[in-house]
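Asks: Pasting a structure below so you can have a look.
Read-outs: derived from the displayed coordinates by stated rules, not from any lab. This structure is a prediction, so every number in the text was calculated from the model and none was measured. When we count neighbours, we look across all protein chains shown, and the Cβ atoms used for this are built from the backbone with ideal geometry, even at glycine.
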């Protein structure tokens with residue numbers, strides 16, 4: 001396949017276009033899918049994050065509700081308001097309070113994670129629920145007094161908060177963090193504080209809550225110091241510190257992660273979701289492999305398409321080329337094969353066939369014209385006469401008529417001599433209308449003698465138009481046509497009128513006769529079909545068709561002759577030419 005062939009160009013262009021479109025499409029599709037997956041993944045992470053946040057909030061609200069119910073229970077208030085902790089009545093109150101604490105704890109949704117539920121006061125009374133996971137310890141009271149209420153025991157009732165929930169050190173397990181809740185127990189009209197309700201919940205509540213989502217959705221809890229309160233996601237490297245993270249994208253080594261979090265400001269912890277960014281990873285090797293694979297497939301598909309398209313396009317073009325080569329060799333025959341594809345190339349083939357047919361007709365017409373030209377040249381040679389001999393002979397006849405005082409012969413020979421001299425000078429000159437009318441009068445004088453005054457011509461053209469120029473021998477063929485085909489066949493004396501006027505920069509000359517007229521069917525094609533003058537009595541054999549063509553060739557298509565006729569009454573021809581001085 002040569003590189004200059006159109007088939008090769010089509011092949012290469014198609015392959016390159018397919019590869020380029022495939023490459024751009026693959027990259028766009030990769031980015032679009034990556035973006036779509038990222039948005040879907042982020043939306044799912046947000047759903048799980050909000051769902052778990054709502055569950056944690058529900059547990060916290062239930063914990064607060066548990067503390068408030070215990071703090072407002074009558075049995076608990078009586079037990080903490082007893083004057084002597086060791087009295088039998090106080091013990092009865094404590095037993096009743098413990099039963100109520102057990103009942104409240106058993107109805108708590110997260111009772112299995114409650115390590116401590118204690119009602120106590122600063123006078124030494126302490127009541128613990130036996131439904132809690134941890135048993136009471138002698139150190140519990142001291143821990144509560146010295147650590148949990150050390151900062152608030154001397155505050156007035158109106159200075160205390162209805163509850164305090166936070167992440168704090170456990171009283172049962174040293175160096176362990178737990179979720180603690182502290183609620184004051186008020187006396188009548190909230191004028192005094194009888195004691196406190198202390199609830200301690202293990203952080204395993206959050207770990208168990210997040211365990212279904214931790215690895216799949218990468219959810220985890222941290223406190224304000226960045227300490228993990230639940231299982232750490234496996235996607236995060238072990239050496240990454242979580243103390244400074246927030247909402248946003250963070251780079252750890254060669255990997256990037258997007259963190260989204262919901263805060264729980266009352267207890268100082270935050271629930272985070274963590275996802276790789278971008279979702280499909282930072283490694284571009286997958287994209288490179290996909291691009292290479294797509295390019296190879298595009299190359300194969302493009303090669304097949306290019307070969308088929310180039311073959312389909314080049315085959316009719318080759319046929320056209322072969323046909324044109326035959327035309328250059330002189331074969332102008334019709335070829336239906338190049339018109340077979342019904343498309344643009346078939347239209348070109350149709351044009352080539354029409355062009356070939358036109359060339360063939362042109363050659364035939366040229367040959368015919370050449371033959372006619374040869375015949376005309378022979379006829380001219382055969383009829384050639386010395387013009388000076390003819391003029392001298394006419395002049396001798398004229399003087400003989402003068403001597404014999406025959407005015408008719410004098411006028412006829414003089415008119416004929418003038419006409420022949422002007423014919424010899426050619427018919428392409430632009431002469432004043434006055435000279436054209438003088439030639440016309442010479443012709444009329446000859447025809448009047450021949451037809452024995454069987455017609456009359458009246459010149460009604462204004463004399464102020466005489467200086468305008470007109471093509472020589474324009475009027476004579478039209479007058480001749482009026483005599484031969486209009487007045488003579490009618491067999492009675494006829495009238496020919498000449499009129500003239502100017503309008504919009506044009507000169508209009510009308511020639512009207514009252515002869516036989518022209519049938520409508522012949523009138524329609526009178527100026528469209530050349531009609532050679534076969535009348536041997538014609539002066540120059542120019543004919544009205546040639547007069548019209550001469551005028552249009554010289555002055556333009558808008559000029560020429562216009563015929564009107566009514567059979568048996570009249571024929572009128574109007575000459576339209578530009579004004580020319």
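Asks: Sort 149-161, 197-209 by packing, meaning the average of other beta carbons within 10 Å per residue, with the highest value first.
Replies: The most tightly packed comes first, giving 197-209, 149-161.
Asks: Report D for the stretch 453-578 in µm² per second (integer): Stokes-Einstein, Kirkwood Rh on Cα pairs, 10 °C, 1.306 mPa s.
Replies: Using the Kirkwood radius from Cα pairs, D works out to 106 µm²/s.
Asks: Ranked from highest to lowest mean number of other Cβ atoms within 10 Å per residue, what is the order of the peptides 329-335, 484-490?
Replies: With the highest mean Cβ count within 10 Å placed first, the list reads 484-490, 329-335.
Asks: For the residues 516, 495, what sequence is obtained by ranking on other C-beta atoms within 10 Å, fewest first?
Replies: On the way: 516 20, 495 14.
Going from sparsest to densest Cβ surroundings: 495, 516.
Asks: Highest first, please rank the peptides 317-326, 91-100 by the mean number of other Cβ atoms sitting within 10 Å of their residues.
Replies: Packing proxy ranking, top to bottom: 91-100, 317-326.
Asks: Using Cα-Cα distances under 8 Å and only pairs 6 or more residues apart, what relative contact order does the stretch 453-578 have, in percent?
Replies: Worked out over the stretch 453-578, it gives 28 percent.
Asks: So if I restrict to the alpha-carbon atoms in the stretch 462-519, what is the Rg, and what is Dmax, the biggest pairwise distance, in Å?
Replies: 13.4, 40
Asks: For a footprinting-style exposure proxy, rank 35, 576 by other Cβ within 10 Å, fewest first.
Replies: 35, 576
Asks: Restricting things to alpha carbons, tell me how big the stretch 71-203 is in terms of Rg and Dmax, in Å.
Replies: According to the Cα coordinates of the stretch 71-203, Rg and Dmax are 13.9, 39 Å.
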